[in-house]
Amino acid sequence: MSSSALPEGFRSRPATMDDAAAVARIVAACEAAYDLGTHTSETDVRDDWQGIDLDDESLVVEDADGVIVASCDIVNRHYSAVSAYGYVHPDSEGQGLGRYLVAWAEQWARDRMDRARADAQVVVRHYVNANNAGALELFANCGYAHVRNTFVMAIELDAAPPAPEWPDGITAGVYRPGVDERAIYEAVEDAFRDTWGRPPSTFERFMQFAKGEGVQPELWALAWAGEEVAGVCLGTVAGEHGWIPTVGVRRAWRRKGLGLALLRACFTAYYQRGVSDVRLSVDAQSLTGATRLYERAGMRVASNFALYAKTLREGVDLSEEASQ
């Protein structure tokens, strides 16, 4: 499958920042339809789009009245691991829009395959709610294979979290904008070498994330070992809940309680701000035992997403290469 016609009566175009509110309504409607307990806001969408070239890496679909009813955007890692995030408003399902978005993302990757490293594997990935039977069937029919699952885990902060207990040799700190970015980036890249399917990222992409509207310096917990960041827990505000996109501990500091301390420091910052619902996502088969860590911190599985993938070109898996 490399192409699919846009259903009659619809038209597509690249997204613009002015479309963030409309796309947020679509995502929120999908969240409500599957009772995910989250509510994506315009700010969340704007933050997600910080690292995206909207003219090239996004798409919205409008109906005959000019109302946006579907969207898709690309997270591109070296044109090797291409993740597509597509949404169709529940009221517009069953008209072929989902198939169109899947085909658009796949064609996007095929058209740019020559930009990937010559020996690199090229894979397209999609995450879909595991309870969305129609979407699961769509990906199977389009030649995508179920690879693994990702959990969204949550905690309700009804009372003050336990105080963090920092390992010997660690100094706790908060994020200092304009000072700590390089050290944090290096720590994240080192910590995420063991994360499945994640090729190295760039400092520029990290800086785009750090400038997001939902980023609050007091919600970033840092663990310093001398002049080096040993671990991070980077919190943001997403709508009415907290979202932690990054928790990472460098290999040399694992199995010492640092991950739990970082989470508790971050939870405390949320609690002090009056944010009671905090969430994050984790690979259900994490090699670092992250799921067990989050359970020890008091989190529970709130929703389950299935990862479907298609290999467009065989070659070197850059994420495995980075873990060496």
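Each value in this text was obtained by applying a stated rule to the coordinates, not by laboratory testing. As the structure is a prediction and not an experimental result, all values here were calculated from the model. With ideal geometry, Cβ positions are generated from the backbone for all residues, glycine too; neighbour counts draw on all protein chains shown.
Brief remarks on what is shown
- Listed values for region 10-18 are Karplus-derived 3J(HN,Hα) couplings in whole Hz (6.51 cos²θ - 1.76 cosθ + 1.60, θ = phi - 60°), namely 10, 9, 10, 6, x, 6, 10, 4, 5, and x replaces Gly and Pro.
- Unpartnered cysteines - no second Cys beta carbon under 4.7 Å - across the chain: 30, 72, 142
- Helix 20-33 and the longest principal axis of the Cα set of the chain meet at an angle near 90°.
- Phi-based couplings in Hz for region 47-60 (Karplus 6.51, -1.76, 1.60; Gly and Pro marked x): 5, 4, 8, 4, x, 10, 7, 4, 4, 10, 10, 8, 8, 10
- Overall form of region 201-267 per C-alpha gyration tensor (a/c, 1.5; a/b vs b/c): oblate
- Coupling constants for region 104-114 follow from the phi torsions by the Karplus curve (6.51 cos²θ - 1.76 cosθ + 1.60, θ = phi - 60°), and in residue order they are 4, 5, 5, 5, 4, 5, 5, 5, 10, 4, 5 Hz; glycine and proline get x.
- Shape call, region 82-182: gyration tensor on alpha carbons, a/c limit 1.5: oblate
- Helix-derived mean residue ellipticity, 222 nm - over the chain, DSSP H n ≥ 4, -39500 (n - 2.57), to 500: -8500 deg cm²/dmol
- With contacts taken as Cα pairs under 8 Å and at least 6 residues apart, the chain reaches a relative contact order of 24 percent.
- Taking only Cα atoms of the chain, radius of gyration then Dmax in Å: 19.8, 64
- Amide H contacts of residue 157: 277, 278, each under 5 Å away and 5 or more positions distant or on a separate chain (H built 1.01 Å from N in the peptide plane; Pro and chain starts excluded).
- Crossing angle, helix 258-273 versus the chain [Cα axis fit, 0-90 degrees, rounded to tens]: 80
- Helix 181-191 vs. the chain, principal-axis angle (Cα, 0 to 90°, nearest 10): 80
- Nonlocal amide H pairs with residue 284, under 5 Å, H built at 1.01 Å: 149, 150, 151
- For region 153-305, the extents of the C-alpha atoms along the principal axes are 35, 34, 32 Å, listed from largest to smallest.
- Whole-Å distance, taken between Cα centres, linking region 172-216 and region 109-137: 24
- Fraction of the pair-distance distribution of region 76-130 above 14 Å, Cα-Cα pairs, percent: 55
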